[in-house]
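> Would you mind keeping the following structure in view while I ask a few things?
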Amino acid sequence: MLKDGTQTLTANIPMGGFKLTGLAAGSATGNSLRYEQLFVASALALLGTLDISTAAGGQIVFPATQNASSGANTLDDYEEQTWTPVVTFATPGNLSIAYLQQLGLYTKIGRLVMVECIIQTSTFTHTTASGNLKITGFPFSNNATTEGIGATVWSGITKANYTNICTRLLGSGAIAELWASGSAQAELPVTAADTPSAGTLVIRFCMSYTV
């Protein structure tokens, strides 16, 4: 594993409970660690900087299933993927939707989830739907004690005296609602009555929340 400027040993190296110190990554001389694949069977302590900028892959891979840690300074998950946002109401009734755009992206780093959503309908009709407008399909449920709030661009919603609408992911759930606010107005959810049938509904938002 030692590089002296002329000789380099590369291999798959099983290690368990070893401590590596004094590594000089990127140094043309002296001792440094060079590897193609390094498998660590147990804890590996690095005293200094781990530099992967010159590695061929330049990647850190996490397992598909999170190995959760309670350690405050332990990064135990990373994931980036798509999700499919779906618009509905508390009582969907005869709601009929066709989407011109229906896209969701997310990145999860540890317990923090960042989502993006673009919804635009080409068909949006209802006569018997009622209750709060909801967006389902979030990739992870929110934690029980906080809310996710996302700045929102919207059209196709009519709510007198209300000028601002945000997307709100309530605690312990993976379903968001749109909530409206305005000067001297109490916060209220957007409902089926606020979304005219046969209109075009547009909802775009970004949000971060914790699981």
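The values are calculated or read from the model by the stated rules, or taken from the named source; none is laboratory data. No experiment lies behind these values; they were computed from the predicted model shown. Glycine gets a Cβ as well: all are built from the backbone with ideal geometry, and neighbour counts include every protein chain shown.
> Take the stretch 196-211 and flag every residue that is closer than 29 Å to residue 77 by Cβ and either more than 26 Å from the chain's Cα centre (by Cα) or surrounded by 20 or more Cβ atoms within 10 Å (Cβ to Cβ) (or both). It would help to see each step written out before you state the result.
Of the residues in the stretch 196-211, the ones closer than 29 Å to residue 77 by Cβ are 203-211.
203, 205, 207, 209 - these are the residues of the stretch 196-211 that are closer than 29 Å to residue 77 by Cβ and either more than 26 Å from the chain's Cα centre (by Cα) or surrounded by 20 or more Cβ atoms within 10 Å (Cβ to Cβ) (or both).
> With the requirement that a residue be at pLDDT 95 or above and exposed (fewer than 13 other Cβ atoms within 10 Å of the Cβ), what does the stretch 66-83 give you?
80, 81, 82
> Among the small types (Gly, Ala, Ser), surrounded by 15 or more Cβ atoms within 10 Å (Cβ to Cβ) and either in the same structural domain as residue 98 (by TED's automatic domain parsing) or part of a loop (DSSP other than H, G, I, E, B) (or both): which single residue out of 160, 174, 193, 151 fits that description? So that I can check it myself, show each step before the final result.
Details: 160 fails: surrounded by 15 or more Cβ atoms within 10 Å (Cβ to Cβ); 193 fails: surrounded by 15 or more Cβ atoms within 10 Å (Cβ to Cβ); 151 fails: surrounded by 15 or more Cβ atoms within 10 Å (Cβ to Cβ).
Among 160, 174, 193, 151, only 174 is among the small types (Gly, Ala, Ser), surrounded by 15 or more Cβ atoms within 10 Å (Cβ to Cβ) and either in the same structural domain as residue 98 (by TED's automatic domain parsing) or part of a loop (DSSP other than H, G, I, E, B) (or both).
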